[in-house]
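No value in this document is a laboratory result; all are computed from the given coordinates. Given the structure is predicted, the values throughout are model-derived calculations rather than measurements. Virtual Cβ from ideal backbone geometry, glycine too; neighbours counted across all protein chains shown.
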Amino acid sequence: MRIDFHTHVKLAKKLPFASKYTDWLFGEAKQNGLDAICITEHFNTLGFEEVYNYIRENYPQEGDTFVINGLRIFPGMEIDIQEGGHILALGKIEDIIAFNRALEPYKSKENFLPFEELLEQAKGVNVYLGGAHPYREGGAIPTLPEHLLKQLYFLDLNGKDYAGKGEQARRELSELATRLNLPMVGGSDTHQAFQYGCIYTAFEEMPITVEELIGLVQLQNHSIHAHQEASFKVESAATLKKALKEIYALGGDYVKVLVGE
């Protein structure tokens, strides 16, 4: 199984949810060789529940996953913390929605939860937390107390970071992962189709529950693969995102540009 642990299904956080765009992304993920993705939409994105209500109502469910044309979808979200940086949460769809509602008072920048308080909040729901792109500029994850970081389930070797640093990104994250005794997974951080496949995680098994997925991650028998043209894929995606957002800002229909009628 080839899985991307860090993906978005909206073009941008402040744009309305567009179901046709999301359907198109899922098709492109499969075309890029992926068998599964984790949706880690921003916890304060416009229409967060609308995204998951659409998925629940339109795609068949198997275990904790939803399946479209052979692509398996694991629910999740990406959460900002007060210190700076992002935390990924994976779980069953009902638990992700419940956790998102519980975080409603903390969705503006001035109210982001400190990392320790987020960990406490997570104990009340059945979700698994991981550190997103720890060495991204502006993030503080590597500087947080080790006893708190060790409560995470994984660290994200991120496609955007890999595109900029290459194997240096893998080495520096590997050092942190070794120090904390945490596994690494690969996630593209894509908002656009071109970025799929720039990095992915490979397992021999095909889990259908979040518990099974995290169990496999903890075994650390998986591998993380980066595309030889990862930088080009990420740069192309950034250019596409910029162009599509400009189309929207000018009053155009960026979805129609991509997928037609």
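Return the whole-Å distance between the Cα centroid of segment 152-198 and the Cα centroid of segment 86-109. Comparing the Cα centres of segment 152-198 and segment 86-109, I get a distance of 22 Å. Charge tally around Gly197: other residues with Cβ under 12 Å, Lys/Arg +1 each, Asp/Glu -1 each, net -1. Sorting 146-159, 115-128 by their mean Cβ neighbour count within 10 Å, with the most densely packed peptide first, gives 146-159, 115-128.
The stretch between Asn69 and Asn126 holds 17.7 nm of extra length on full extension. This uses 0.36 nm per residue minus the Cα-Cα distance. Residues of segment 1-31 falling in the label zone of Glu57, defined by backbone nitrogen less than 16 Å from a point 7 Å along Cα to beta-carbon, are 17-23.
Length gained on full extension, Ser236 to Glu205: 8.0 nm, using 0.36 nm per residue less the C-alpha separation.
Helix-only mean residue ellipticity at 222 nm, the chain, DSSP H runs n ≥ 4 weighted -39,500 (n - 2.57), per residue, nearest 500. What is it?
Numbers: 10 runs with 103 residues, N = 261.
That comes out to -11500 deg cm²/dmol.
Could you work out the relative contact order of the chain? I mean the mean sequence separation of Cα pairs under 8 Å and 6+ apart, divided by the number of residues, in percent. Computed value for the chain: 21 percent relative contact order.
Taking the mean number of other Cβ atoms within 10 Å as a proxy for protection, how do you rank 28-38, 169-179 from highest to lowest?
Numbers: 28-38: 20.5, 169-179: 16.1.
So the peptides 28-38, 169-179, ranked by packing, come out 28-38, 169-179.
Summing +1 for each Lys or Arg and -1 for each Asp or Glu among the other residues whose beta-carbon sits under 10 angstrom from that of Asp35 gives +2. Between Leu148 and Gln220, the modelled labels are 2.4 nm apart [label points 7 Å from Cα along Cα→Cβ].
Working from label points 7 Å from Cα in the Cα-to-Cβ sense, the Ala102 to Glu172 distance is 3.3 nm.
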